[in-house]
Every structure is written in C-alpha cells, then in structure tokens.
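What follows is a structure written as structure tokens; I'll ask about it next.
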Amino acid sequence: MRNDMTNWLIHFVHKKNVSELPDNLPEAIENAVYHFSTDIVDQDEFASIFSIISECGIRYGYSFRNMRTTVYGGEPVICFSEMPFSSYMEYVKHRNNIGAVGRYAIAITKADAFNLGARPVIYGLSPDNAFALSEDTSYRRILDEKVLPLSEQYRFVSFLLGEDQKADWTHEREWRMKPRKIPGEYIVCEDISLDLLDIPALDVFNLDTVSGPIVLIVNTVQEAEHIQEKVQMLSDAGSNNFDIPFTNGNIRILITDRYLSKFGNVTRIEDLPEECFYLVLKEKLDEKFILSLSAVIDDCKSRVARDISTNYIGAVNAVVDKNNCVECGRYCGYANVVSYSPNDKIVRALVKLGLAHTYGDYYVVDAIGNMIPYSQSMDYNEHIAMKMAEHLNLTLKTDIFSYISRAD
C-alpha cells in the first residue's frame with residue numbers, strides 16, 4: 001500500500017522524428033523503427049499511440065539520441081517506467097517543456113511485464129569495473145563481456161554523478177524488455193513499395209500475450225473518443241487487416257485532463273476514480289429492436305435490392321444473360337454498404353446479428369445479398385450500394401450508412 005510503489009508499468013509514447021535517425025542504418029533497423037503505415041514520417045505522440053493501436057503492437061526500438069543508440073547489447077528494447085502515475089505526470093510536465101515527452105502512454109501490469117521478460121534496468125557499474133566498449137557504432141554498442149554478460153547488457157543505463165560529468169536517469173525507474181524471439185512475435189505493415197514488412201514487436205493486445213488489463217493514456221475526451229472507436233472496431237474484428245490479434249477486451253482509456261482537473265493528488269493508477277476514465281454509454285439492445293432490424297435487412301436483401309438492380313439495368317439498357325450476369329459500365333470493381341459508427345445502437349445490433357463485420361477502419365454491412373444479377377461492373381455495384389445506404393438511412397431514420405467502392 002505504499003504510495004511510491006505501483007502495480008503498473010508505463011510505456012511512454014514519444015514523438016517520432018526522422019532527424020534522429022542515424023545515417024547508413026541497416027534496412028531492417030530503419031524499417032523497424034521508422035516505417036509507419038506507408039512511409040518513413042515524423043509522428044507526434046498522439047499519432048504514435050494511434051499507430052500502436054492500429055498495428056496491434058509496440059515496436060522494439062533503439063532509443064536514438066543525437067543520432068546514436070542509447071541501448072547497449074546490440075538488440076532493441078521496449079522501455080517502461082515504474083513511476084507512480086502522479087510522478088509520471090510531473091515528469092511529463094517537466095520534459096514536455098523541451099518537447100521530449102507528451103502525455104500519451106500505454107500501461108500494463110508489472111506482473112504481465114515480468115512474465116514477458118521485462119526487468120528493472122541496471123544503473124551504472126561498480127567502481128572497479130572499467131567502462132569499455134568492444135563495439136561502438138551508431139546502432140550497436142557492446143560492453144566488454146567481462147564487465148557485463150551480453151544477455152544482460154540491454155538493461156544497462158549509464159549513471160554518473162561526478163563534478164565534471166552527470167548522467168542520471170534514475171528518476172525514470174526504468175524497466176526494459178528485449179525481443180523474446182518466439183514464433184509470431186512481430187507486427188506487419190506496408191511500406192511505400194506496397195511490400196509487407198515483418199517488424200519485431202510486442203503484440204500487446206493479444207490476450208495470449210498480455211492477459212491482464214491495459215490502460216491507454218491520452219490528453220482529452222475527444223482523443224479518448226477517437227481511440228475508443230478504433231479499439232471497438234479492432235475488438236469486433238479480433239485483429240487488424242494483417243491478422244495481428246486484438247483480443248484483450250480489458251482495455252481502459254485514461255484522460256489526463258480529467259485527472260489534472262480534479263484528482264491530481266491521487267498517486268497511483270490503481271487508486272484513480274472512475275471519473276478519470278472514458279466511459280462509452282451504449283444503448284441497451286432489446287430483442288424487439290434486434291428482430292425488427294433483422295426484418296429490415298431481410299427486406300433489403302430481397303425486395304429492395306431487386307428493385308434497385310432492376311431499375312438500374314433498365315436505365316442503362318443492360319442485358320442479363322442466361323447465367324444471371326449483367327455487363328454494364330467500363331470498369332471492374334466492387335462496392336459495399338458501410339458504417340463508421342462503432343458505438344451506434346444499430347451497428348451494435350448488426351454486429352450481434354452477424355450482419356456487420358469490421359476490417360479495422362469501417363463496418364461492412366451485409367444488406368445487399370446475392371439474390372440480384374451478378375456483375376463485375378463497378379458502376380452497377382456502386383449504384384446498388386449507394387441506393388441501399390440511402391434506403392437504410394431513410395428507413396432506420398439515421399445517417400450512419402454510406403458506401404465504398406474500389407476498382408478491381
């Protein structure tokens with residue numbers, strides 16, 4: 001129950017600044033550290049935490065400072081802090097003044113981190129151990145193994161309190177973990193050449209990896225809402241577009257603006273009141289509503305889809321062949337009815353009915369069916385999806401439905 005001890009470890013989310021990247025890095029390291037979605041880009045802290053959620057994992061990194069790694073042992077790490085939450089907030093306040101750290105983070109329990117191999121860092125060496133490097137490059141720094149075994153060097157952090165030199169990071173109370181080197185411990189992203197990259201990462205949202213609760217830390221209610229919608233979509237899907245698991249349902253979003261406005265005297269995450277966390281108020285789904293919505297979709301798949309298809313085929317003078325296929329329009333493609341509203345009552349009911357499926361960015365609604373003539377024409381498919389979205393919005397008195405189309 002000591003206020004200076006906590007059951008949580010906090011992973012700071014930093015800005016991603018391309019100018020920190022050393023020259024002539026091996027391609028694998030450059031990709032692992034600085035490829036985000038489709039390009040090598042700068043990212044602010046909110047974009048970085050959103051990328052972690054979208055990628056379903058925390059990347060291992062080399063903690064570059066002044067274009068050199070600050071990590072010893074030659075392997076990348078994920079860093080955590082054992083500071084109680086109030087100390088973390090004070091730390092952020094100080095370092096944010098120089099643009100180093102923002103109020104964005106991910107917290108997991110100390111027990112989960114320990115089981116994954118995370119350990120407290122080793123601050124400094126004993127006086128009788130001379131500091132010597134057997135290898136020293138911008139991305140690989142190896143201590144003399146007679147001083148510290150290679151397998152433990154990832155934990156080493158410089159510590160000096162001399163009159164001429166000072167290096168003191170002990171206030172961070174840091175823990176580190178290095179790659180576990182087990183099958184499947186990576187995330188997947190797409191680079192600018194549309195090649196898929198396997199990048200070492202901790203699949204933190206995989207229930208088989210982190211079984212305990214997770215806390216996402218952001219600044220504002222608006223940010224929490226944006227984050228929660230992404231979390232809800234990925235939870236419904238069970239993974240992202242690259243099949244990286246998102247199965248841990250015990251995720252909460254902590255809003256630092258609320259903490260600072262009322263509860264700044266609370267020391268630890270485990271003692272924070274519910275008011276500090278984002279709460280989604282979802283309408284209750286009763287059986288009568290679910291049955292009525294199911295009937296609307298059934299009508300869409302039969303009568304409505306048929307009427308929309310027949311009217312379009314007649315308007316463009318298309319012919320349906322003996323295989324119930326129609327050719328019309330210049331381009332091949334497909335289209336879907338979609339919704340971007342994960343918390344809406346209608347979408348929640350459609351998910352429960354198995355009539356809406358998400359792939360990470362939106363929900364595809366199974367409202368058209370396969371009872372109408374088939375066509376590869378994007379014009380035909382787009383028209384039907386557009387008219388069906390309009391029909392659903394009108395019938396259900398909402399505006400949550402739209403459509404997407406893509407050339408094939």
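So which residues in region 15-29 are part of a loop (DSSP other than H, G, I, E, B) and more than 22 Å from Ile49 (Cα to Cα)? Before you say what the answer is, go through the steps one by one.
Step one: filter region 15-29 for residues part of a loop (DSSP other than H, G, I, E, B), giving 15, 17, 21-26.
The answer is Pro22, Asp23, Asn24, Leu25, Pro26.
State whether one or more residues within region 238-251 are of a type outside the set (S, T, N, Q), buried (at least 16 other Cβ atoms within 10 Å of the Cβ) and assigned to a helix (DSSP H, G or I).
No, that holds for no residue.
Would you mind finding the one in Ile199, Ile217, Ile182 that is surrounded by 15 or more Cβ atoms within 10 Å (Cβ to Cβ), within 21 Å of Ala32 (Cβ to Cβ) and in the same structural domain as Ile106 (by TED's automatic domain parsing)?
Answer to the selection: Ile199.
Step by step: first the residues of region 381-393, then only those that are in contact with a Cys (Cβ under 8 Å, 6 or more places away or on another chain) and hydrophobic (A, V, I, L, M, F, W, C), then the one that is surrounded by the fewest Cβ atoms within 10 Å (Cβ to Cβ). Which residue is that? It would help to see each step written out before you state the result.
Taking region 381-393 and keeping what is in contact with a Cys (Cβ under 8 Å, 6 or more places away or on another chain), we get 388, 391-392.
If we keep only those that are hydrophobic (A, V, I, L, M, F, W, C) too, we end up with 388, 392.
Working: Met388: 24, Leu392: 22.
So the residue we want is Leu392.
When you go through Arg155, Arg173, Arg103 one by one, which is the residue that is within 28 Å of Gln43 (Cα to Cα), touching a residue at least 24 places away in the same chain (Cβ under 8 Å), under 22 Å from the mean Cα position of the chain (by Cα) and surrounded by 12 or more Cβ atoms within 10 Å (Cβ to Cβ)?
From the options Arg155, Arg173, Arg103, the qualifying one is Arg103.
Just give me the residues in region 22-35 being under 21 Å from Val188 (Cα atoms) and surrounded by 12 or more Cβ atoms within 10 Å (Cβ to Cβ), in sequence order.
If the condition is that a residue be under 21 Å from Val188 (Cα atoms) and surrounded by 12 or more Cβ atoms within 10 Å (Cβ to Cβ), then Leu25, Ala28, Ile29, Glu30, Asn31, Ala32, Val33, Tyr34, His35 are the ones that fit.
Something else: Considering region 394-408 alone, what residues qualify as being modelled with pLDDT of 95 or more, of a type outside the set (A, V, I, L, M, F, W, C) and either exposed (fewer than 15 other Cβ atoms within 10 Å of the Cβ) or in contact with a Cys (Cβ under 9 Å, 6 or more places away or on another chain) (or both)?
Once the filter is applied, which keeps residues that are modelled with pLDDT of 95 or more, of a type outside the set (A, V, I, L, M, F, W, C) and either exposed (fewer than 15 other Cβ atoms within 10 Å of the Cβ) or in contact with a Cys (Cβ under 9 Å, 6 or more places away or on another chain) (or both), region 394-408 yields Thr395, Lys397, Asp399.
Mind counting the residues in region 371-407 that are in a loop (DSSP other than H, G, I, E, B) and touching a residue at least 60 places away in the same chain (Cβ under 8 Å)?
Here the count works out to 5.
Let me ask something else. Exactly one of (1) of a type outside the set (Phe, Trp, Tyr); (2) touching a Gly at 6+ places or on another chain (Cβ under 7 Å); (3) modelled with pLDDT under 85 is unmet by Asp39. Its number?
So the condition that Asp39 fails would be (2).
Out of the residues in region 232-264 meeting the condition of being small (Gly, Ala, Ser) and within 19 Å of the chain's Cα centre (by Cα), tell me which one is nearest to Gly57 (Cα to Cα).
Per the stated criteria, the residue is Ser239.
Residues are listed down the side, and each one gets a yes or a no for (1) among the basic types (Lys, Arg); (2) at pLDDT below 95; (3) part of a loop (DSSP other than H, G, I, E, B):
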| residue | (1), (2), (3) |
| --- | --- |
| Ser126 | no, yes, yes |
| Lys146 | yes, yes, yes |
| Asp164 | no, yes, yes |
| His171 | no, yes, no |
| Arg176 | yes, no, no |
| Lys181 | yes, yes, yes |
| Leu207 | no, no, yes |
| Val210 | no, no, yes |
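Tell me which residues, restricted to region 318-344, are surrounded by 15 or more Cβ atoms within 10 Å (Cβ to Cβ) and more than 15 Å from Glu229 (Cβ to Cβ).
Correct list: Ala318, Val320, Val326, Cys328, Gly329, Gly333, Tyr334, Ala335, Asn336, Val337.
Between a residue in region 325-342 that is under 23 Å from Val304 (Cα atoms) and any residue that is among the small types (Gly, Ala, Ser) and in a loop (DSSP other than H, G, I, E, B), which pairs come within a Cβ distance under 7 Å, given they are 6 or more apart or on different chains?
Cys325/Ser375; Val326/Ala318; Val326/Ser375; Glu327/Ala318; Glu327/Ser375; Cys328/Ala318; Cys328/Ser375; Val337/Ala367
Scan region 43-54 and report the pairs whose first residue is in the same structural domain as Val18 (by TED's automatic domain parsing) and whose second residue is part of a helix (DSSP H, G or I) and of a type in the set (Gly, Ala, Ser), with Cβ atoms within less than 9 Å and a gap of 6+ or a chain change.
Short answer, once both residue conditions are applied: Gln43/Ser51.
Can you name every residue in region 266-311 that is among the aliphatic types (A, V, I, L, M), loosely packed, with under 13 Cβ neighbours inside 10 Å and in a loop (DSSP other than H, G, I, E, B)?
Leu279, Leu281
Does any residue in region 1-20 that is surrounded by fewer than 20 Cβ atoms within 10 Å (Cβ to Cβ) come within less than 6 Å, Cβ to Cβ, of a residue that is not aromatic (Phe, Trp, Tyr) six or more places away or on a different chain, and which pairs are these?
From region 1-20, the pairs are Asn3/Thr267; Asn7/Thr109; Asn7/Lys110; Asn7/Glu270; Lys15/Asp44; Lys15/Glu45; Asn17/Asp42; Val18/Asp42.
How many of the residues making up region 56-72 are farther than 24 Å from Cys189 by Cα and buried (at least 22 other Cβ atoms within 10 Å of the Cβ)?
2
The values are calculated or read from the model by the stated rules, or taken from the named source; none is laboratory data. In this text, all values refer to a predicted model and were calculated from it rather than measured experimentally. Every residue, glycine as well, gets a Cβ built from its backbone with ideal geometry; the counts of neighbours run over all protein chains shown.
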